[in-house]
Amino acid sequence: MTAIDFHAHHSPLGAYATFTCGRFSAGGGLTVQAAKPADHELVIGWVEPSRQVHCLPFVRKRDLTVSGLDDALPPPPPLDQAVGASTLSSFGDSGAKRGRVRRQVLDDVVRAYLLGTDTWTSGDFSFSIATPVAALPDPDRDGGLALARAAIPAITVRLTLDNRTSKVPRKLIFALGPNQGCHVIDGVGDGVLAAGWGRDAAVAAPAAPGRELLLEWSETDFLATGRINHLGSMCGFTQEVAAGVIGVLDLVLVTHRQGSVTTGMDASFWYLRAFPTIETAINAAVERIGDLRAAAEAMDRDARWLALDADRRHLVAHAERSYWGNTWLLDRGGKPMWVVLEGEYAMHNTFDLTVDMVFYELARNPWTVANVLDQFVDRYSYHDTLARPVTGAERHGHHTFARDPAQIFAYVPAPAESGLPGGISFCHDMGVGGHFTAQGRSSYECSRLAGCFSYMTAEQLLNWILCGASYLLAPGGEAALAWGKDRRHIFAACLESLLNRDDPDPARRNGVISLDSSRCDGGWEITTYDSLDPSLGQARNNLYLAVKGFAAWLGLERVFTLLGDAGRAAEARAGAERAARTVASRFDPKLGYIPAVFEAGNVSAIIPAIEGLSFPLAWGLKPALAGDGPYADLIAALDRHLRAVLKPGLCLFPDQGWKLSSTSGNSWLSKIFLCQVVAERVFGLAPAQASHAAHWRWQVEGSKDWAMTDQCLDGVACGSRYYPRCVTADLWLQG
């Protein structure tokens with residue numbers, strides 16, 4: 001039986017907010033600008049006339065004290081007196097004895113984890129969360145107000161109780177807390193009930209017979225007294241369901257923040273243009289309850305998603321939810337600014353994520369890709385010089401790739417040669433935790449390191465090229481072509497920079513990154529695989545980065561051809577040819593594969609040798625990937641490599657999960673998904689079903705406290721939790 005005990009994001013689009021729940025005994029709740037799940041009490045279920053609460057297993061406490069002050073008031077009536085009643089008085093709302101009350105956790109719970117809805121069912125009760133995804137309107141084409149309306153900061157949930165076979169009335173209940181500043185929201189429209197906590201969050205519903213707003217110390221206090229207690233710290237709703245009918249309680253969970261929500265540079269939420277107050281957001285969300293749910297239910301019927309096996313369906317649904325939970329649509333000086341946060345680390349627009357999420361975003365919101373690329377150019381680009389490092393036995397520095405912060409800082413000696421021509425590149429990120437860093441600086445990168453937190457200058461250059469080419473080469477891109485013409489000089493600067501990072505001396509070029517940025521100040525450049533060993537961590541002469549560079553050369557060739565610059569297109573093609581020859585020549589017949597690093601006797605085997613091919617695959621460059629095409633030797637070498645390393649003891653875990661490096665237990669699921677798509681569509685090597693099952697098990701067992709997690713050590717979450725990048729799984733739907 002598939003595990004159901006795991007947290008999941010449930011989020012609006014671009015609101016950097018989430019309702020997280022699903023983990024047994026862990027609570028959950030609604031957060032804004034948070035990098036981890038809420039841990040509030042979460043009581044969702046139904047109540048019998050005796051006031052016994054039957055709730056889903058999210059609750060953190062099973063026993064609690066009724067704190068009602070009216071000790072002398074009588075207990076509720078016997079069940080036989082309540083038969084056929086349909087009024088709240090059946091629940092003895094006049095008071096209760098102070099004492100212990102045990103919440104009865106529902107058993108035999110079934111979870112239907114679908115693309116648009118997440119539904120829990122136990123007997124005649126169900127609870128369903130709807131999180132529809134739609135293309136965000138292009139503000140230049142459709143207008144800023146249309147974009148703001150689409151980014152409504154709300155999700156809808158539904159509680160259902162089938163009371164047709166019962167002889168007594170029951171109540172549905174949804175309550176969460178404790179929250180500071182709980183209050184009734186009086187400024188909403190007629191026919192709407194709402195309660196909030198602070199100024200940031202609310203739960204609301206249309207007014208209806210038998211529906212009551214709950215505000216008390218606990219749900220049991222409210223059931224005991226039937227009153228609003230303005231000192232209370234738990235809020236929600238109850239809905240009476242008469243005997244013989246089906247009762248439904250539709251609610252909206254709304255988040256809202258006014259004013260500037262950032263530092264470093266001021267920006268506010270874009271949705272404020274359509275919803276300037278929380279009351280306006282509540283009213284709009286209540287009006288759209290039906291539409292939001294219908295859109296989510298339509299996603300559940302997506303034929304492409306349904307065609308996948310169950311494990312991949314779950315992975316796609318899980319990943320998409322966590323992506324949107326990390327999205328932040330900001331208003332900076334009247335212009336929209338798209339930001340995706342890096343999960344638990346909360347870095348802004350980490351370029352290593354942007355480049356992998358580009359496939360997902362281009363299929364939905366292409367304008368966001370250009371928006372982020374422009375942010376990198378305008379504020380987070382820089383120019384450097386290059387250093388030729390000491391290599392081999394001459395180098396005496398300590399090269400450390402470790403997850404222990406105490407081990408990652410390593411002083412390294414000065415390079416053999418410095419001040420070589422470099423060029424443009426881009427920062428790893430734009431800030432962290434709501435703070436935007438200064439012009440040309442990331443929050444992550446530091447000098448004089450060889451390992452975690454060092455610079456990723458070469459990789460970020462490749463990332464801008466690959467994202468820019470992907471945007472420009474996407475189908476139906478008249479706006480993209482205009483953008484490309486405006487950014488022609490940036491593409492030209494990227495080509496020059498990439499040539500120099502191969503080597504400023506044309507006679508020494510081989511198509512592969514061989515130099516380190518002066519920003520390292522004697523350190524070594526690293527890759528996005530920062531916490532692996534050097535097999536994937538070192539940027540220089542790295543197989544993974546070499547093939548990613550090959551893709552960048554191909555992208556530049558296509559871009560300059562499209563822009564009518566034949567000279568630069570020829571230069572880029574020459575770079576691709578050099579890279580292809582170099583990688584193919586590194587195939588080691590004795591090992592049976594290509595070593596991960598082209599120096600120091602490295603013999604690690606890696607799967608991401610093929611990762612970079614995801615881009616020419618997405619661009620439709622079939623000849624470049626063909627076994628009899630212009631790069632046939634490269635494709636043949638990578639084919640032999642992949643078949644050799646996908647074996648137990650090298651790049652397969654015992655459970656058939658994919659192991660990115662033979663010399664490290666660290667694996668990133670987002671990268672595995674990319675490589676699996678390339679393996680199947682370029683090399684005809686379909687992953688075993690057992691691998692998909694293993695990867696889903698890593699989530700529901702190894703990362704159940706967090707929602708989608710990218711980085712797993714031997715199948716257990718070790719970092720990159722609450723993460724957006726795994727939407728690379730969406731490529732399974734794009735084939």
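The values are calculated or read from the model by the stated rules, or taken from the named source; none is laboratory data. For clarity, every value in this text was computed on a predicted model and none was experimentally measured. For neighbour counting, all protein chains shown are included, and Cβ atoms are generated from backbone atoms with ideal geometry for every residue, glycine included.
GLU611 is checked against (1) in contact with a Cys (Cβ under 6 Å, 6 or more places away or on another chain); (2) among the acidic types (Asp, Glu); (3) outside any helix (DSSP H, G or I) and fails just one. What number does that condition carry? Just one mismatch for GLU611, condition (3).
Here TYR271 fits the description: hydroxyl-bearing (Ser, Thr, Tyr), under 30 Å from GLY187 (Cα atoms), surrounded by 18 or more Cβ atoms within 10 Å (Cβ to Cβ) and touching a residue at least 40 places away in the same chain (Cβ under 8 Å). Taken together, the criteria exclude GLU680 from residues that are within 23 Å of the chain's Cα centre (by Cα) and among the charged types (D, E, K, R). Filtering region 682-701 to residues that are surrounded by fewer than 17 Cβ atoms within 10 Å (Cβ to Cβ), in contact with a helix residue (DSSP H, G or I) (Cβ under 8 Å, 6 or more places away or on another chain) and either of a type in the set (A, V, I, L, M) or free of Cβ contacts under 8 Å to residues at least 60 places away in the same chain (or both) leaves LEU685, ALA686. The set of residues in region 183-199 that are at pLDDT 95 or above and touching a His at 6+ places or on another chain (Cβ under 8 Å) comprises HIS183, VAL184, ALA195, GLY196.
Would you call GLU240 buried (at least 21 other Cβ atoms within 10 Å of the Cβ), charged (D, E, K, R), over 30 Å from PRO139 (Cβ atoms) and assigned by TED's automatic domain parsing to the domain that holds ILE185? So GLU240 passes the test. Within region 645-681, being surrounded by fewer than 20 Cβ atoms within 10 Å (Cβ to Cβ) and either among the charged types (D, E, K, R) or touching a His at 6+ places or on another chain (Cβ under 7 Å) (or both) holds for LYS647, ASP655, GLU680, ARG681. Does TYR544 satisfy being more than 16 Å from PRO389 (Cβ to Cβ), modelled with pLDDT under 95 and not aliphatic (A, V, I, L, M)? Answer is no for this residue.
Across region 650-669, the number of residues qualifying as in contact with an Asp or Glu (Cβ under 8 Å, 6 or more places away or on another chain) and under 17 Å from SER703 (Cα atoms) comes to 3. Just to check your reading of the model, which residue among GLU342, GLU287 is of a type in the set (Asp, Glu) and not assigned by TED's automatic domain parsing to the domain that holds VAL188? Unique residue meeting the criteria: GLU342. Among the candidates THR327, THR350, THR263, the residue that is under 13 Å from the mean Cα position of the chain (by Cα) and farther than 17 Å from THR18 by Cβ is uniquely THR350.
Of all residues in region 52-64, those being more than 23 Å from PHE19 (Cβ to Cβ) and at pLDDT 90 or above number 1. Considering only residues that are in contact (Cβ under 8 Å) with a residue 24 or more places away in the chain and either surrounded by fewer than 23 Cβ atoms within 10 Å (Cβ to Cβ) or basic (Lys, Arg) (or both), which ones fall in region 581-590? Listed by number, the residues that qualify are ARG581, THR582, ALA584, ARG586, PHE587. The one condition from (1) in contact with a His (Cβ under 9 Å, 6 or more places away or on another chain); (2) more than 16 Å from ASN463 (Cα to Cα) that SER497 does not meet is (2).
If only residues of region 453-474 that are closer than 23 Å to VAL547 by Cβ and not in a helix (DSSP H, G or I) are counted, the one that is modelled with the lowest pLDDT is ALA474.
Pairing each residue of region 559-580 that is within 24 Å of ASP486 (Cβ to Cβ) with any residue that is of a type in the set (Asp, Glu) and not in a helix (DSSP H, G or I), provided the two are 6+ apart or on different chains, yields no C-beta distance under 6 Å. Here LEU532 fulfils each of the conditions (1) closer than 30 Å to ILE594 by Cα; (2) at pLDDT 95 or above apart from (2).
Annotation: of all residues in region 351-405 being acidic (Asp, Glu) and not in a strand (DSSP E or B), the one that is modelled with the lowest pLDDT is GLU394.
The set of residues from region 720-735 being farther than 24 Å from GLN689 by Cβ and in contact with a Lys or Arg (Cβ under 7 Å, 6 or more places away or on another chain) comprises just one member, TYR722. Based on this model, can you work out whether ASP291 counts as surrounded by fewer than 22 Cβ atoms within 10 Å (Cβ to Cβ) and within 21 Å of the chain's Cα centre (by Cα)? No. For region 296-306, check the following and say yes or no: at least one residue is free of Cβ contacts under 8 Å to residues at least 24 places away in the same chain, surrounded by fewer than 17 Cβ atoms within 10 Å (Cβ to Cβ) and part of a helix (DSSP H, G or I). Yes, some residue in region 296-306 is free of Cβ contacts under 8 Å to residues at least 24 places away in the same chain, surrounded by fewer than 17 Cβ atoms within 10 Å (Cβ to Cβ) and part of a helix (DSSP H, G or I). Residues that are on the phi > 0 side of the Ramachandran plot and not acidic (Asp, Glu) were ranked within region 472-521; the one that is nearest to the chain's Cα centre (by Cα) is GLY476. Every test in (1) under 13 Å from VAL252 (Cβ atoms); (2) of a type outside the set (Val, Ile, Thr); (3) surrounded by fewer than 24 Cβ atoms within 10 Å (Cβ to Cβ) is passed by PRO178 save one, and that test is (1).
In region 101-111, the count of residues that are under 22 Å from the mean Cα position of the chain (by Cα) and surrounded by 15 or more Cβ atoms within 10 Å (Cβ to Cβ) is one or more. The residue list ALA175, ALA205 contains one member that is more than 21 Å from ASP39 (Cβ to Cβ) and in contact (Cβ under 8 Å) with a residue 24 or more places away in the chain, which is ALA205.
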